[in-house]
Each structure stands twice: as C-alpha cells, then as structure tokens.
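Okay, structure first, notes after.
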Amino acid sequence: MSSATPHRLPLAGALRLGRPSDIWFKPALSVVIAVAPPNLTLLALGRLDLAMYTMAGSLCALYGHNRPYAARARTLALVVLGMVGGLAVALLASALTTDPVVLVTVGAALAAVQKTVCDATRVGPPGNVVLTFISSASLFAPQTLGRLPGHIGLALAAGAWAWLVCMAPGLLRPHGPERRATAQALNAAAAYAGTRGTGDG
C-alpha cells in the first residue's frame, strides 16, 4: 500500500500570514505622539469638534518609517501636502453643495487620484487608504467657506507636528534605517546560505 504524496494547495502561500515588520510598533507609537498634543489642546479649549482636522494631519505619522531620514523627510512632506490637499478639495466641495451625487463623484475622483499618485511614487504602506478615508469622510461633514482656512490650517499644523515626530529619532540614530536594512539583508542571506541553496528566496 503506497502512501499518497501530500499536495500543497496553490493558494497556501498567498493565505499564509506574513511575519510582522521589525518596526511594526514605530508607526503606531508615532501616531500616538502625533495625535496627543493637538487633540489634548482641543480638549482643553473645549473644541473637540475640530479634532477631525487635526487627526488628518496627525495620521501622516503612519508613513515613511522604513526610509532613511533624508528620503523620509521628502516622503512625509509630500504625504502631508497630499493629505491637506485632498482635505481642502473635500471641504470645499462640502461647502459648495450638499448634493450626494456630486459629493460621491468628487470622492471617487479624489480616491482615484490618491491611489494613482501613491502607486506611482511608491509611498509605501498604508498607501492611499488613510488619505482616501479622511477625504471621503470630510465630504459629508457640514462646512462653510468662511471656516475653510482655519480647518485647513489645523490640518497643516498637525501635519507639520507629525513630520517632526517622525524625524525626531534621527537626532539619536541618524543612520538607523540603513543599518536595520543592512542587518535584515545579512540575516536573510545567512538563512538562505544555511539551506545550502535549497530554501525559498
């Protein structure tokens, strides 16, 4: 009686959970630090109704953590500008019309532009998801033209704070990302060499 050779499902690799990033905690910690001061300030002033705008800027702290600091500075600046630009378009549309068809059309156009730009620039995770979420939610928030500059200014200020939060570790370890990437490459090469060329990768 011959034993049947087990067959692996072709989707097994795609369905297998990947190993979490070595720096998985850094985006989360950065967002906490980027969110807390602006929103606590709003809380102290009794204006938590403005938190949506500061959150837009603060969530930019999710980006760029796998990049060297020079590249991170440029990437984060572009993310902040993209976030504030998308928010401005959404708020302007909300101030000008309440027609749901128009607002949904604007939201779809914004999402398409954000997806295309994020893919073209390889901005990295979380990609356009956060940008699209913020701009889509802003489309349906009550808005007036007179309040636009203040709301956009809040998002820009929070985005600048998020940029500083993400760049601050460079003061202590200016070459940390490069060293981490080199160590990961060496570990991967050593692990592959240990399989005598029979392993994946």
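One table, with the values for the structure above:
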quantity	calculated
Label point distance in nm, residue 96-residue 173, each placed 7 Å from Cα along Cα→Cβ	4.7 nm
Cβ-based net charge around residue 160, under 15 Å, with every Lys or Arg adding one and every Asp or Glu removing one	+2
Restricting segment 110-179 to trypsin sites (Lys or Arg not before Pro) in coil, as DSSP defines it, with at most 13 other Cβ within 10 Å	122
Per residue accessible area of segment 70-142, 1.4 Å probe, in Å²	50 Å²
Local electrostatic count, residue 123, Cβ distance below 14 Å [Lys/Arg +1, Asp/Glu -1]	+4
Label-to-label distance, nm, for residues given as residue 71 and residue 129 (7 Å Cα→Cβ offset)	2.2 nm
Gain on full stretching of the segment that runs from residue 45 to residue 144 - 0.36 nm per residue minus C-alpha separation	33.5 nm
Extension reserve of the residue 26-residue 119 stretch, reckoned as 0.36 nm per residue once the Cα distance is removed	31.2 nm
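The values are calculated or read from the model by the stated rules, or taken from the named source; none is laboratory data. Keep in mind that what you see is a predicted model, and the values were worked out from it rather than measured. Glycine also receives a Cβ, built like all others from the backbone with ideal geometry; neighbour counts cover every protein chain displayed. Heavy atoms of the whole protein, side chains included, go into the accessibility calculation; ligands, DNA and RNA do not. Shrake-Rupley method; radii C 1.70, N 1.55, O 1.52, S 1.80 Å.
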